[in-house]
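Some notes on the structure that comes next.
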Amino acid sequence: MITKEQIAADYQQIQDEICAALELTDGKSVFEEEKWERDGGGGGRTRIIQNGNIFERGGVNFSAVYGQLPDSMKKALKVDQDNFFATGVSIVIHPNHPMVPIIHMNIRYFEMPQVNGSEAEPLRWFGGGIDLTPHYIFDNDAVYFHEYLRSVCKAYSTDFYHRFKLWADDYFFIKHRNETRGIGGIFYDRLTASEDISWENIFEFSKAVGRSFIPIYTELVNRNRIKDFNENHQLWQYQRRSRYTEFNLVYDAGTRFGLETNGRIESILMSLPPTAKWVYDYKPQPGSEEEKTLSLLKKGINWV
């Protein structure tokens, strides 16, 4: 049986791999690391890259925390136990180029010992996902992104991509705007072993999702970083960033979990962009690329 210590160690290695590759892709900026400890148990490594050739700000964070679960989170997670362990890697990258998309990735593991004896099997599950938020949606990029994720999922289960793609469409939805945050991706939670898949294979799937980040994002960055843009493109970029901010502060479960378990505020809110704008009652020009992008921020679009 895989242990929580092994899972945390492998997640740290994935954090190292991603940071090294992103520095190479940017070519200018390097990550700043801050190690932190959590009151109540555990800690992590926050790594921030900013003011680069292409990455205006991004975070690649690792954490492994434990302790007493607050009553509010016990209710939200529908559990009775008090002690918990959680580890994961969380990434958000905000590029300075409007044609390069925002990307988010998260892989995580959660464990609680069972009540009535330490020898009982712990309550445990994996979660995670990866989703793309283009400021401008390019069809060929969207197809590439979803095809790559489908291939990752197919290696572990024939139904993972379909299930997790629908889950992402529902999860990354800004209800008060009636639009999706971006073009989705995959999202899953409380994934446990069954007759069809073992704990070891779920862990391997989790790591495969984590390691899909670099080939996917470097390809999308390099496709679009050389494209020209103007002030109007950048204004639209700041508009789309405001939607990203609204989702993270209103709906994101990871943000809520971090805040309610006394997590490190700077690490939790690193997902927010450095600059965003809320233009009053903005309406894109008919027939524009901005209008096209808005028309594609819908659930249920099958890119592959």
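The values are calculated or read from the model by the stated rules, or taken from the named source; none is laboratory data. Predicted model only: the values in this text are computed from it and were never measured. In this analysis, Cβ positions are derived from the backbone assuming ideal geometry, glycine residues included, and neighbour counts consider all displayed protein chains. Quick note on the areas: whole protein, heavy atoms, side chains included, nothing else; ligands and nucleic acids left out. Shrake-Rupley method; radii C 1.70, N 1.55, O 1.52, S 1.80 Å.
Restrict the check to the range 101-115 and report whether at least one residue is open to solvent by 60 Å² or more (accessible area, probe 1.4 Å), β-branched (Val, Ile, Thr), modelled with pLDDT under 95 and farther than 26 Å from Ile216 by Cα. Give the derivation first.
Taking the range 101-115 as the starting set, the residues that turn out to be open to solvent by 60 Å² or more (accessible area, probe 1.4 Å) are 108, 113-115.
Keeping just the survivors that are β-branched (Val, Ile, Thr) gives 115.
Adding the requirement that they be modelled with pLDDT under 95 leaves 115.
Adding the requirement that they be farther than 26 Å from Ile216 by Cα leaves 115.
Looking for residues that are open to solvent by 60 Å² or more (accessible area, probe 1.4 Å), β-branched (Val, Ile, Thr), modelled with pLDDT under 95 and farther than 26 Å from Ile216 by Cα, one finds at least one in the range 101-115, hence yes.
Since Ala86 meets every condition but one in (1) open to solvent by less than 20 Å² (accessible area, probe 1.4 Å); (2) in contact with a Phe, Trp or Tyr (Cβ under 7 Å, 6 or more places away or on another chain); (3) closer than 25 Å to Thr218 by Cβ, which condition does it not meet?
(3)
Consider the range 46-68. How many of its residues are within 16 Å of the chain's Cα centre (by Cα) and open to solvent by 70 Å² or more (accessible area, probe 1.4 Å)? Working first, answer last.
To start, the set of residues in the range 46-68 that are within 16 Å of the chain's Cα centre (by Cα) comprises 46-48, 57-63.
With open to solvent by 70 Å² or more (accessible area, probe 1.4 Å) added as a condition, the list becomes 57.
Of the residues in the range 46-68, 1 are within 16 Å of the chain's Cα centre (by Cα) and open to solvent by 70 Å² or more (accessible area, probe 1.4 Å).
Give me the residue from the range 135-156 that is among the hydroxyl-bearing types (Ser, Thr, Tyr) and touching a residue at least 60 places away in the same chain (Cβ under 8 Å) and, out of that set, surrounded by the most Cβ atoms within 10 Å (Cβ to Cβ).
Filtering the range 135-156 down to residues among the hydroxyl-bearing types (Ser, Thr, Tyr) leaves 136, 144, 148, 151, 156.
Still in the running and touching a residue at least 60 places away in the same chain (Cβ under 8 Å): 136, 144, 148.
Numbers: Tyr136: 20, Tyr144: 17, Tyr148: 18.
That would be Tyr136.
I need the full set of residues from the range 21-37 which are aliphatic (A, V, I, L, M) and open to solvent by 60 Å² or more (accessible area, probe 1.4 Å), in order please. Full working, then the answer.
Within the range 21-37, the subset aliphatic (A, V, I, L, M) is 21-22, 24, 30.
The answer is Leu24, Val30.
Looking only at the range 285-304, which residues are free of Cβ contacts under 8 Å to residues at least 12 places away in the same chain and touching a helix residue (DSSP H, G or I) at 6+ places or on another chain (Cβ under 7 Å)?
Here is the first cut: in the range 285-304, the ones free of Cβ contacts under 8 Å to residues at least 12 places away in the same chain are 285-288, 291, 295, 302.
Correct list: Gln285 only.
Just the residues that are touching a residue at least 24 places away in the same chain (Cβ under 8 Å), more than 16 Å from Asp131 (Cβ to Cβ) and part of a helix (DSSP H, G or I), please, taken from the range 268-283.
Within the range 268-283, just Met270 meets the criteria.
Has the range 42-50 got at least one residue that is in contact (Cβ under 8 Å) with a residue 40 or more places away in the chain, on the phi < 0 side of the Ramachandran plot and touching a Pro at 6+ places or on another chain (Cβ under 9 Å)?
Checked against the condition, which is being in contact (Cβ under 8 Å) with a residue 40 or more places away in the chain, on the phi < 0 side of the Ramachandran plot and touching a Pro at 6+ places or on another chain (Cβ under 9 Å), the range 42-50 yields at least one hit.
Please go through the range 228-267 and give me each residue that is open to solvent by 80 Å² or more (accessible area, probe 1.4 Å) and either without any contact (Cβ under 8 Å) to a residue 60 or more places away in the chain or of a type in the set (Lys, Arg) (or both), ordered by number. Walk me through how you get there before you give the answer.
Filtering the range 228-267 for residues open to solvent by 80 Å² or more (accessible area, probe 1.4 Å) gives 228-229, 231-232, 249-250, 256, 259, 262, 265-266.
Listed by number, the residues that qualify are Asp228, Glu231, Asn232, Leu249, Arg256, Leu259, Ile265.
If Gly43 satisfies every condition in (1) open to solvent by less than 20 Å² (accessible area, probe 1.4 Å); (2) modelled with pLDDT of 95 or more; (3) not in a loop (DSSP other than H, G, I, E, B) but one, which is the exception?
Condition (2) is where Gly43 drops out.
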